[in-house]
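We did not get these values from a lab; they are worked out from the coordinates using the rules stated. Since this is a predicted model, take the numbers as computed values, not measurements. With ideal geometry, Cβ positions are generated from the backbone for all residues, glycine too; neighbour counts draw on all protein chains shown.
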């Protein structure tokens with residue numbers, strides 16, 4: 001396996017982290033074993049969680065990453081726009097260089113709205129099945145989930161800024177200070193906020209996202225040919241080397 005990009009994701013990359021925040025590592029990788037590239041052992045991701053060390057490591061295989069990017073998966077979009085790396089190889093720089101043709105405006109709009117709607121249900125406790133124990137405790141204590149409220153606001157503002165200014169802010173505190181610090185403060189001082197006020201704000205931001213999308217000056221469409229060419233450029237050297245070695 002060859003890691004082609006790795007960074008600290010989650011609240012640390014957003015700038016909304018606190019003293020108890022977990023360290024989320026996200027990375028993209030190439031398989032180097034033939035059975036895992038085109039054979040029966042092929043897989044799409046690696047997931048490893050270590051609760052004791054507060055670590056969450058998740059890796060996307062290249063083809064899977066591009067497929068998810070086509071759907072505007074927010075973690076994949078954030079990786080595309082990230083500029084603070086633990087590791088980055090030429091293969092991922094190639095992806096970033098072609099980033100404007102590896103996103104889809106309509107898919108991103110629908111994805112962000114869908115995520116924010118889902119977060120709104122988690123904020124109020126309508127949906128709790130996938131909430132971690134920490135978030136469930138916060139829900140019981142404050143009447144809402146601060147982390148999910150912060151997440152919903154961040155996602156909506158990221159979409160608004162993207163459609164307005166053609167830039168997707170990974171670090172919301174650096175790129176959008178007022179809302180960035182609000183997202184951080186909701187998590188650090190949840191007692192200062194009322195769930196009704198937060199839901200109202202999220203609904204207002206959802207409307208702003210819709211307006212920003214409708215008024216966007218640039219429209220992007222995912223280019224499958226470019227994506228396939230990137231896959232070819234990344235995997236063909238590995239496949240050719242395998243063929244050369246097996247002939248010997």
Hey, if you drop one equal point scatterer on each alpha-carbon of the range 184-238 and run the Debye formula without solvent, what base-10 log of I(q)/I(0) do you get at q = 0.20, 0.22, 0.23 Å⁻¹?
-0.81, -0.88, -0.92
With the 8 Å Cα cutoff and a minimum separation of six or more residues, the chain has a relative contact order in percent of 21
Specify the angular offset, from 0 to 90 degrees and rounded to the nearest 10, of the alpha carbon long axis of helix 224-247 from the longest principal axis of the alpha carbons in the chain.
40
Tell me, 215, 93 in order of fewest to most beta-carbon neighbours within 10 Å?
215, 93
Using alpha-carbon positions, what is the distance between the centroids of the range 17-35 and the range 177-237, in Å?
21
Computed FRET efficiency, Cβ-Cβ of residue 98 and residue 32, R0 30 Å: what is it to the nearest 0.05?
0.85
Assuming R0 = 22 Å, what is the FRET efficiency of residue 142 and residue 23, from their Cβ-Cβ distance, to the nearest 0.05?
0.35
Length added when fully stretched, residue 177-residue 71, from 0.36 nm per residue minus Cα-Cα:
35.4 nm
Once you keep just the Cα pairs under 8 angstrom separated by 6 or more residues, what percentage relative contact order results for the range 105-214?
30
On C-alpha positions alone, give me the angle between the axis of helix 195-214 and the longest principal axis of the chain, in degrees, nearest 10.
50
Tell me, 126, 12, 230 in order of fewest to most beta-carbon neighbours within 10 Å?
126, 12, 230
Anisotropy class of the range 105-214 from Cα gyration tensor, a/c 1.5 cut
prolate
Angle in degrees between helix 133-142 and the longest Cα principal axis of the chain, rounded to the nearest 10:
20
How much of the calculated P(r) for the range 63-149 lies past 23 Å, in percent of all Cα pairs?
43
If I take every Cα pair under 8 Å that is 6 or more residues apart in the range 1-112, average their sequence separation and divide by the length, what percent do I get for the relative contact order?
29
Over all directions, the average projected area of the alpha-carbon convex hull for the chain comes to how many nm²?
14.6
